[in-house]
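Colleague: Attaching a single structure in structure tokens format; questions to follow.
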Amino acid sequence: MIENRPFTTLFAHVMLICGVALVAFPIWVTFVAATHDAVRMTQVPLPLLPGDQFLVNMKAVLFDGVQSAGGIPVGLMLFNSLIVAMMISIGKIAISLISAFAIVYFRFPFRMGFFWMIFITLMLPVEVRIFPTFKVVADLQMLNSYMGMSLPLIASATATFMFRQVFLTIPDEMLEAARVDGAGPMRFFWDILIPMSRTNIAALFVILFIYGWNQYLWPLLITTDAEYFTVVMGIKQMLESAELSPEWNLIMMTTLLAMVPPIFVVLSMQKMFVQGLTETDK
Amino acid sequence: MLKRVHFGPSILPYLLVAPQIIITIVFFIWPASQALYQSFLLEDAFGLGSEFVKFENFQALFDDKYYLGAFKRTAFFSFVVAFSAMSIALALAAMIDRISRGVYTYRTLLIWPYAVAPVVAGALWVFMFDPTLGIFAYALNTVGYDWNHKLNGGEAMGLVIVAAVWKQIAYNFLFFVAAIHSIPKSLIEAAAIDGAGPFKRFWSIIFPLITPTTFFLLVVNIVYAFFDTFGIVHAITQGGPAKATEILVYKVWYDGSVALDLGGSAAQSVILMGIVIVMTVIQFRYIERKVEY
């Protein structure tokens, strides 16, 4: 605090409260909608205070889904989302760790060639190469599978760059000492590099988990079998059916359930996430 | 780039980069080159054969008033989204810098839309503005405004913009907070001693010093508005009414999967790839530059 200006401080608080209200109001409305029964949700004006149907609605969507949208249990969709998000985040971290290790710690022909090849992936978001990628996945017989949903999203330049940056800050003496003690490359990798980059791995995990959980266009394109629908896709189908028979209480309950896991991950690992985001994305 | 102390040549490094390189080739480079190749082909109406047509697909795109319309719309959309999301975030970051109590609480309450999927953000806003039931539509109705984004293109665009901005504020906020925080306190204190008030200090010291972050965020926000908003558009308007919210990334998907014009869709992909590559290069150039205090 540089000077004491009660008025500006008050103004700052008022502005921040307005900001929080802007950010939080949609979530509040969602929560309220998820606590009423279907009949109440068709009468205008819609309620602004919670009702008592929260658990009833939750049970209904988790086990039976929304009937007009195919009745796929949201529990199953949440499970699919979890699998895909975990496969994407763990897969990305694993392959980026080892490729960054190779690029930083080994001298070998075509090293820079590989580096540039990885760099290119940074420039090609899945949205712009969507149909040819679909064809590749179809030829590999990976439609309607967890593999097909996650593998094409796994290669990531960002994660490789971040680990490269982290490895470059690790002092050379570490490797010298490890060598004197007779450690080979893989031993050095497991016992020194991994433990030393633990916080970066955790921060990256938060970002990648959200990225994986929120994938929409890709799963939408390659899954036709309801067994593999993710919750984010499910919401879209419910919105379509809402045109005919709006069951907003159930749709909003599903929306709430779809938001909870990523929000939980962000808030529970807030410190690491904030640090990781502002330092790696740059 | 390479460590001074490193391991000698062996088969091991190849094995280590292999998974990433294989995935890159199979799912990135090969499909991208296919898109490029396909953009020069014209499929016949029955999908039986295709013919090499050089730049005709691109020519057709630039003669197509719908494509040009989508281009202008995307430019407008991404400018408005980037500008609004960044200004709101910067205002909030400047405010949080002024207070000493409750910083953590405010930050926690402001950051979580980052974790919300674009489709989910779309669902939240479409629910609040549903013409028959939505809470805001009802409020507007009581003051005599008849809201219907399913019929009115301008309102549909407005709703998509609001949802897109809402989701992006959290991300920008975190970067602005980090940037403002890293400015040496002595500079601010010196200005305060010289008699500069909070407003003056913000515009003549803080704002110029965070320029690199602002540029970085500008690029990130434009890329976000170009690509990540597909889910928002798909959930709220499906590009309608009458294509009023059809942005480029939505059109690529629509032309490829609904209208089944593969050559045209591929040509659009190639143009989008060009845009992303230019953005990435700009982004990297600015990251290299650091401000000197």
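Only the coordinates and a few stated rules stand behind these numbers; no lab work does. Keep in mind it's a predicted model, so treat the numbers as computed, not measured. So basically every Cβ, Gly included, is an ideal-geometry build from the backbone, and we count neighbours across all protein chains shown.
Colleague: In the stretch B:1-22, which residues have a backbone nitrogen under 13 Å from the label point lying 7 Å from A:Asp172's Cα in the Cα-to-Cβ direction?
Modeller: The answer is B:1-7, whose backbone nitrogens lie closer than 13 Å to the label point.
Colleague: Cut-off 10 angstrom, C-alpha nodes, Gaussian network model of chain B. Which of B:Met86, B:Met279, B:Met95 fluctuates the most?
Modeller: Among B:Met86, B:Met279, B:Met95, the largest mean-square fluctuation in the Gaussian network model of chain B belongs to B:Met95.
Colleague: What average count of beta carbons from other chains do you get within 10 Å of the Cβ of residues in A:106-118?
Modeller: Per residue, the average neighbour count from other chains is 5.
Colleague: Sorted by packing (mean other beta-carbon atoms within 10 Å per residue), highest first, where do A:139-149, B:109-119, A:168-178 land?
Modeller: In decreasing order of mean packing, A:139-149, B:109-119, A:168-178 become B:109-119, A:139-149, A:168-178.
Colleague: Hey, with R₀ at 41 Å, roughly what FRET efficiency would A:Glu227 and B:Ser87 work out to, going by the Cβ-Cβ distance, to 0.05?
Modeller: FRET efficiency, A:Glu227 to B:Ser87: 0.35.
Colleague: Under 10 Å, Cα contacts only: if you run a Gaussian network model on chain A, which one of A:Gly212, A:Gly71, A:Gly234 comes out with the highest mean-square fluctuation?
Modeller: Per the Cα network of chain A with a 10 Å cutoff, A:Gly71 tops the list.
Colleague: If you don't mind, there's one more thing I want to ask. Once label points are set 7 Å from the Cα along Cα→Cβ at both A:Met147 and A:Glu240, what is their separation, rounded to one decimal in nm?
Modeller: Rounded to a tenth, the inter-label distance reads 2.8 nm.
Colleague: What is the magnitude of the charge dipole of the stretch B:52-288 about its Cα centre, with +1 placed on the Cβ of each Lys and Arg, -1 on the Cβ of each Asp and Glu, and no other charges, expressed in debye to the nearest 20?
Modeller: 520 debye
Colleague: What number comes out for the charge environment of B:Lys251, summing +1 per Lys or Arg and -1 per Asp or Glu over other residues with Cβ under 11 Å away?
Modeller: Around B:Lys251, the surrounding residues sum to -2.
Colleague: Note down the magnitude of the dipole of chain A about its Cα centre, charges +1 on Lys and Arg C-beta and -1 on Asp and Glu C-beta and zero elsewhere, to the nearest 20 debye.
Modeller: 560 debye
Colleague: Spin-label point model (7 Å from Cα, Cβ direction): what's the B:Lys200 to A:Ser268 distance in nm?
Modeller: Result: 5.0 nm between the two label points.
Colleague: Which one, B:Val278, B:Ala242, B:Met95, projects farthest toward the positive side of the charge dipole computed for the stretch B:52-288 from Cβ point charges (K/R +1, D/E -1)?
Modeller: Among B:Val278, B:Ala242, B:Met95, the one farthest towards the positive end of the dipole of the stretch B:52-288 is B:Met95.
Colleague: If r is the Cβ-Cβ distance from A:Ala94 to B:Ala259 and R0 is 30 Å, what FRET efficiency results, to the nearest 0.05?
Modeller: It comes out at approximately 0.15.
Colleague: Dipole magnitude of the protein assembly as shown about its Cα centre, charges +1 at Lys/Arg Cβ and -1 at Asp/Glu Cβ only, in debye to the nearest 20?
Modeller: For this selection, approximately 1580 debye.
Colleague: Let me ask something additional. Per DSSP helix of 4 or more residues, -39500 (n - 2.57); summed, then divided by the residues of the protein assembly as shown. What does that give at 222 nm, rounded to the nearest 500?
Modeller: -21000 deg cm²/dmol
Colleague: So, one more: Compute the distance from the alpha-carbon center of the stretch B:223-254 to that of the stretch B:1-27, in whole Å.
Modeller: 39 Å
Colleague: Going by the alpha-carbon gyration tensor, a ≥ b ≥ c the square roots of its eigenvalues, is the stretch A:161-220 rounded (a/c under 1.5) or, if a/c is not under 1.5, prolate (a/b greater than b/c) versus oblate?
Modeller: Cα axes put the stretch A:161-220 in the prolate bin.
Colleague: Just counting partner chain Cβ atoms within 10 Å, what average do the residues of peptide B:88-96 show around their Cβ?
Modeller: Per-residue shielding by partner chains comes out at 4.
Colleague: Just order B:61-69, B:20-28, B:211-219 by mean Cβ neighbour count inside 10 Å, highest at the front, would you?
Modeller: For the peptides B:61-69, B:20-28, B:211-219, the packing ranking is B:20-28, B:211-219, B:61-69.
Colleague: Taking a 24 Å limit on the Cα-Cα distance, which of the listed pairs B:Lys167/B:Lys200; A:Lys135/B:Lys150; B:Lys72/B:Lys150; A:Lys271/B:Lys3; B:Lys150/B:Lys251; A:Lys271/B:Lys167 fall beyond it?
Modeller: Beyond 24 Å between Cα atoms: B:Lys167/B:Lys200; A:Lys135/B:Lys150; A:Lys271/B:Lys3.
Colleague: Report the one residue of A:Ala183, A:Val137, A:Phe209 whose Cα lies farthest in the direction of the positive end of the charge dipole of the stretch A:128-253 (charges on C-beta: Lys and Arg +1, Asp and Glu -1; origin at the Cα centre).
Modeller: It is A:Ala183.
Colleague: Could you please report the charge total around B:Ala137, scoring K, R as +1 and D, E as -1 over all other residues with beta-carbon less than 12 angstrom from its beta-carbon?
Modeller: -2
Colleague: Moving on to the next point. For the stretch B:52-288, what class follows from the C-alpha gyration tensor (a ≥ b ≥ c being the square roots of its eigenvalues): rounded when a/c is under 1.5, otherwise prolate if a/b is larger than b/c, else oblate?
Modeller: Oblate, since a/c reaches 1.5 and b/c is not below a/b.
Colleague: Near A:Lys59, which lysines are there with a Cα under 25 Å away, not counting those fewer than 8 places off in the same chain?
Modeller: Reachable lysines: A:Lys236.
Colleague: Return the average number of partner chain Cβ atoms within 10 angstrom of each residue Cβ along peptide A:131-141.
Modeller: 5
Colleague: With Cβ to Cβ distances under 11 Å as the rule, what net charge do the other residues near B:Trp147 carry (K, R +1; D, E -1)?
Modeller: Cβ neighbours under 11 Å give a net charge of -2.
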